[in-house]
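Chemist: Before I ask anything, here is the structure I am working with.
The values are calculated or read from the model by the stated rules, or taken from the named source; none is laboratory data. Please read these numbers as outputs of a predicted model, since none were measured by experiment. Note that each Cβ is placed from the backbone with ideal geometry, even for glycine, and that neighbours are counted across all protein chains shown. Please note that ligands, DNA and RNA were not included when accessible areas were found on the heavy atoms of the full protein model with its side chains. Shrake-Rupley method; radii C 1.70, N 1.55, O 1.52, S 1.80 Å.
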Amino acid sequence: MLRNGSAPLSGELISRELDVSRVAVWKQIKALKELGYAIESTPRGYVLNEESDHLFSWEFPDSKNNYQAYRELDSTMDKAREEAVKGCDPYTTILAETQRKGRGRGERSWISGSGGLYFTLVLKPRLPLAYHYVYTLGASAALSEAARELYGADLSTKWPNDVLWGDRKIAGFLTEMQVSGDSISWLTLGAGINVNNDPRLESGTSLEKIMGRKLDRKDLLECFVNKFRSLMEKDSPAEIRSLWEKRSAMIGSEASFEKSDGQIIRGVVRSVDQAGSLLVEKDSKLKQVLFGDLYKKNRGE
Ligand code: BTN
């Protein structure tokens, strides 16, 4: 209840909602504070200090996924890599409240202030190396599905590894892996999701801003990981691509791409092919965009 709202909650309201005595509420609040939850008692009721809120590993007792939660790390990617090398279970999830050196795609940094979700999943892919792209497509699709289910929010996937609300970024995914021949020994999938944090970028927004209230990050994390896991366990790249395409706002619309060599490709986005490339139609011919950034969406041009 405290995580789902910004206003103070009185002991009376909590006791009514949960059908327990005021004394029981007081005792449990005291116990939660002792465990480390940043609950403040104000004249108008209890408030959770969002800045110091912390997801603890014990909050996921029934999960098949092994959660490890930290207050701060340089990057969850580094910790996940260490765990992967040590041979941890697949779907081990490394979470940090804040990161000192959060990494983004293309050697960019990822601002990781409190209130966001920053985590990395350790995966042991069965699919061969050529299909490594399905992990970011699958993650983008799973997050869009989770936000739709939990909040009714219409998020869209953006090639190759983002999730947007309108044209503002909500989340980005990053993968690192160790390869042996054409198989992947381990793959780490990092996720940065703007939940209750301020993304501090003109091009970004947060789920809190969209919904107009603070959101429970634990619900979102669990819902996302469960959806992602059931999608990936089907081992079906075609199904992942089709779910990604269903949630994409780009399919059928005109867009420009800046390739890493600076070349701009403009055309109508048609689909994602078996290599994870975007197929863009120009002058009735399909062009393959292998990598690069979406440069500009042309509205009404
Ligand atoms: C991007 O859009 O450029 C990808 C951003 C990925 C950020 C996440 S936050 C958790 C994990 N740890 C990192 O250092 N990066 C990823």
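Chemist: Determine whether Ala96 is surrounded by 19 or more Cβ atoms within 10 Å (Cβ to Cβ) and over 23 Å from Asn196 (Cα atoms). Write out each step before concluding.
Modeler: Values: surrounded by 19 or more Cβ atoms within 10 Å (Cβ to Cβ): yes; over 23 Å from Asn196 (Cα atoms): no.
For Ala96, the condition - surrounded by 19 or more Cβ atoms within 10 Å (Cβ to Cβ) and over 23 Å from Asn196 (Cα atoms) - is not met.
Chemist: Looking at region 200-207, can you tell me whether even one residue there is open to solvent by less than 50 Å² (accessible area, probe 1.4 Å) and in a helix (DSSP H, G or I)? Don't jump to the end; show me each part of the working.
Modeler: So in region 200-207, the residues open to solvent by less than 50 Å² (accessible area, probe 1.4 Å) come out as 204-207.
Imposing the further condition that a residue be in a helix (DSSP H, G or I) reduces the set to 207.
Yes, that holds for at least one residue.
Listed here are the residues, each with its yes/no results for (1) surrounded by fewer than 12 Cβ atoms within 10 Å (Cβ to Cβ); (2) of a type in the set (Phe, Trp, Tyr); (3) free of Cβ contacts under 8 Å to residues at least 40 places away in the same chain.
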site	(1), (2), (3)
Ser21	yes, no, yes
Val25	no, no, yes
Tyr37	no, yes, yes
Glu50	no, no, no
His54	no, no, no
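Chemist: Go through region 161-174 and give me each residue that's in contact (Cβ under 8 Å) with a residue 40 or more places away in the chain and more than 14 Å from the ligand (Cβ to nearest atom).
Modeler: Of everything in region 161-174, those that are in contact (Cβ under 8 Å) with a residue 40 or more places away in the chain and more than 14 Å from the ligand (Cβ to nearest atom) turn out to be Trp165, Asp167.
Chemist: Mind checking which residues of region 175-196 are open to solvent by less than 30 Å² (accessible area, probe 1.4 Å) and within 11 Å of the ligand (Cβ to nearest atom)? Can you show your working first?
Modeler: Filtering region 175-196 down to residues open to solvent by less than 30 Å² (accessible area, probe 1.4 Å) leaves 184, 186-196.
Thr188, Leu189, Gly190, Ala191, Gly192, Ile193, Asn194 - these are the residues of region 175-196 that are open to solvent by less than 30 Å² (accessible area, probe 1.4 Å) and within 11 Å of the ligand (Cβ to nearest atom).
Chemist: Moving to a separate point now. Considering only residues that are closer than 22 Å to Lys64 by Cβ, outside any helix (DSSP H, G or I) and open to solvent by 30 Å² or more (accessible area, probe 1.4 Å), look in region 102-157 and name the one that is nearest to the ligand (Cβ to nearest atom).
Modeler: Ranking the candidates gives Lys124 first.
Chemist: Only residues that are in contact with a Pro (Cβ under 7 Å, 6 or more places away or on another chain) and exposed (fewer than 12 other Cβ atoms within 10 Å of the Cβ): list them for region 39-48, please. Give the steps one after another, and end with the answer.
Modeler: Restricting attention to region 39-48, the residues satisfying the condition of being in contact with a Pro (Cβ under 7 Å, 6 or more places away or on another chain) are 42, 44-47.
Residues satisfying the conditions are Thr42, Arg44.
Chemist: Any residue at all in region 236-245 that's in a loop (DSSP other than H, G, I, E, B) and either of a type outside the set (Ser, Thr, Tyr) or open to solvent by 60 Å² or more (accessible area, probe 1.4 Å) (or both)? If you could, list the steps in order and put the result at the bottom.
Modeler: Here is the first cut: in region 236-245, the residues in a loop (DSSP other than H, G, I, E, B) are 236.
In the following step, the residues that additionally are either of a type outside the set (Ser, Thr, Tyr) or open to solvent by 60 Å² or more (accessible area, probe 1.4 Å) (or both) were identified as none.
For region 236-245, residues in a loop (DSSP other than H, G, I, E, B) and either of a type outside the set (Ser, Thr, Tyr) or open to solvent by 60 Å² or more (accessible area, probe 1.4 Å) (or both): absent.
Chemist: While we're on this one: Does any residue of region 58-76 turn out to be free of Cβ contacts under 8 Å to residues at least 24 places away in the same chain and open to solvent by less than 90 Å² (accessible area, probe 1.4 Å)?
Modeler: Residues of region 58-76 that are free of Cβ contacts under 8 Å to residues at least 24 places away in the same chain, as a first pass: 58, 61-62.
Subset that is open to solvent by less than 90 Å² (accessible area, probe 1.4 Å): none.
Looking for residues that are free of Cβ contacts under 8 Å to residues at least 24 places away in the same chain and open to solvent by less than 90 Å² (accessible area, probe 1.4 Å), one finds none in region 58-76, hence no.
Chemist: Still on this structure, please answer the following. Just to be sure before I move on: is Glu97 within 24 Å of Leu207 (Cβ to Cβ) and in contact with a His (Cβ under 6 Å, 6 or more places away or on another chain) in the structure I sent? Spell out how you get there, then give the answer.
Modeler: Values: within 24 Å of Leu207 (Cβ to Cβ): yes; in contact with a His (Cβ under 6 Å, 6 or more places away or on another chain): yes.
Against the criterion (within 24 Å of Leu207 (Cβ to Cβ) and in contact with a His (Cβ under 6 Å, 6 or more places away or on another chain)), Glu97 qualifies.
Chemist: Of everything in region 248-277 that's part of a strand (DSSP E or B), under 26 Å from the mean Cα position of the chain (by Cα) and modelled with pLDDT of 90 or more, which residue is surrounded by the most Cβ atoms within 10 Å (Cβ to Cβ)?
Modeler: Taking region 248-277 and keeping what is part of a strand (DSSP E or B), we get 248, 254-258, 264-272.
Cutting the leftovers down to under 26 Å from the mean Cα position of the chain (by Cα) gives us 248, 255-258, 269-272.
Now restrict to residues that are modelled with pLDDT of 90 or more: 248, 269-272.
Working: Ser248: 23, Val269: 23, Arg270: 16, Ser271: 17, Val272: 25.
Ranking the qualifying residues of region 248-277, first place goes to Val272.
Chemist: Hey, another quick one. Of the residues Pro199, Pro237, which single one is touching a residue at least 40 places away in the same chain (Cβ under 8 Å) and in contact with a strand residue (DSSP E or B) (Cβ under 8 Å, 6 or more places away or on another chain)?
Modeler: Values: Pro237 fails: in contact with a strand residue (DSSP E or B) (Cβ under 8 Å, 6 or more places away or on another chain).
Just a single option satisfies the conditions, and that option is Pro199.
Chemist: Also, quick follow-up: Which of the residues that make up region 208-234 are open to solvent by 60 Å² or more (accessible area, probe 1.4 Å) and not in a helix (DSSP H, G or I)?
Modeler: If the condition is that a residue be open to solvent by 60 Å² or more (accessible area, probe 1.4 Å) and not in a helix (DSSP H, G or I), then Gly212, Arg213, Glu233, Lys234 are the ones that fit.
Chemist: Kindly list the number of the only condition in (1) in contact (Cβ under 8 Å) with a residue 12 or more places away in the chain; (2) farther than 16 Å from Val179 by Cα; (3) within 14 Å of the ligand (Cβ to nearest atom) that fails for Asp89.
Modeler: Failed condition: (3).
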